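Visitor: Handing you this structure, nothing more for now.
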Amino acid sequence: MLGLQVVAASLFMFDLMIPILGIPVILDWTLHEVIELTAAISLIVGVVMGTLLLRRIEERAERVESQLRAASGAFAELMQDRFEEWELTPSERDVALFSIKGLSIQDIAAIREVSEGTVKAQTNAIYRKAGVSGRPQLLSLFIEDLMDGPIT
């Protein structure tokens, strides 16, 4: 369809350039009109098809965004369930959330306005309660739950 639109637009441009360049017209006027009509119809069909395609893309984007929101909500709910299961304190929950988001110990300490030593102690408590040895394993627990089972 794109090729047909390019040809149609080229025909219109050529038709406009004929009088400007002084090119003699050798086509019968009826054939000339048929070519212009075909070009115009091609452009209109292209606009309609482009509109339909754009609508489908927008609908797909809305579905994907909805699925992403659902997954995000499921992940947040899963984290809260795990935090309760591990009996994390409110401070440990904050630190665990920031850690899962990928913030460094220094960044977490700055945000929470506590010392880095406090954050390190809290992350160690979180890892101990969760039964993991570090941040990658902590994150993998949530990924496994979202995927309904361990990765084999």
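Visitor: Let's test this: bin the Cα-Cα distances of the stretch 1-82 at 10 Å from zero up to the farthest pair and state each bin's percent.
Guide: Reading the bins upward from 0: 15, 26, 17, 12, 11, 9, 6, 3, 0.
Visitor: Next up: Express in whole angstrom the spacing between the alpha-carbon centres of the stretch 8-65 and the stretch 75-147.
Guide: The distance from the Cα centre of the stretch 8-65 to that of the stretch 75-147 comes to 59 Å.
Visitor: Quick check on the chain: helices-only [θ] at 222 nm, where DSSP H runs of length 4 and up contribute -39,500 (n - 2.57) each and the sum goes over total residues. Nearest 500, please.
Guide: Value at 222 nm, helices only: -28000 deg cm²/dmol.
Visitor: Another one. Excluding Tyr127 itself, what net charge comes from residues whose Cβ is under 12 Å from its Cβ, given Lys and Arg +1 and Asp and Glu -1? Can you show the working numbers first?
Guide: Numbers: positive: Lys120, Arg128, Lys129, Arg135; negative: Glu92.
The answer is +3.
Visitor: Hey, another quick one. Of the accessible area of the chain, with the probe set at 1.4 angstrom, what percent is carbon plus sulfur? Please report the intermediate quantities before stating the final value.
Guide: Working: 6730 of 10670 Å².
Taking all protein chains in place, the chain shows 63 percent carbon and sulfur surface.
Visitor: Further, regarding this structure: Assuming R0 = 22 Å, what is the FRET efficiency of Ala9 and Arg56, from their Cβ-Cβ distance, to the nearest 0.05? Please list the in-between numbers first.
Guide: Working: r = 24 Å, r/R0 = 1.09.
Efficiency at R0 = 22 Å is approximately 0.35.
Visitor: Excluding ligands and nucleic acids, what accessible area in Å² is computed for Val7 using a 1.4 Å probe, to the nearest 10?
Guide: 80
Visitor: Could you tell me the relative contact order of the chain? Use alpha-carbon pairs under 8 Å, at least six residues apart, and round to a whole percent. Don't skip to the answer; put the middle values down first.
Guide: Details: 69 pairs, mean separation 28.0, N = 152.
It rounds to 18 percent for the chain.
Visitor: Using DSSP to call loops (not H, G, I, E or B), can you name the GluC sites (Glu not before Pro) in the stretch 65-104 whose Cβ has at most 12 other Cβ atoms within 10 angstrom? Write down the numbers at each step before the final one.
Guide: Values: sites: Glu65, Glu77, Glu84, Glu85, Glu87, Glu92; in loops: Glu87.
The qualifying sites are Glu87.
Visitor: Compute, for the chain, the length of the dipole vector about the Cα centre, with Cβ point charges of +1 (Lys, Arg) and -1 (Asp, Glu) only. Units Debye, rounded to 20. Can you show the working numbers first?
Guide: On the way: 13 positive and 21 negative charges, 89 e Å.
Here the size comes out at about 420 debye.
Visitor: Note down, for the stretch 56-137, the three equivalent ellipsoid semi-axes (square root of 5 times each alpha carbon gyration tensor eigenvalue), biggest first, whole angstrom. Walk me through the numbers before you get to the answer.
Guide: Values: eigenvalues 187, 46, 21 Å².
The equivalent ellipsoid of the stretch 56-137 has semi-axes of 31, 15, 10 Å.
Visitor: Helix by helix, which DSSP H runs in the chain go 20 Å or more along their axis at the Cα atoms and have an average Kyte-Doolittle hydropathy of 0.5 or more? Kindly include the intermediate steps, with their values, before the conclusion.
Guide: Working: long enough: 2-21 (27 Å, 1.98); 29-85 (83 Å, 0.22); 116-130 (21 Å, -0.79).
The answer, listed by residue number, is 2-21.
The values are calculated or read from the model by the stated rules, or taken from the named source; none is laboratory data. A quick note: this is a predicted structure, and the numbers were derived from the prediction, not measured. FYI the Cβ positions are ideal-geometry reconstructions off the backbone, even for glycines, and counts take in every protein chain you see. Note: areas computed on protein heavy atoms with side chains; ligands, DNA, RNA excluded. Shrake-Rupley method; radii C 1.70, N 1.55, O 1.52, S 1.80 Å.
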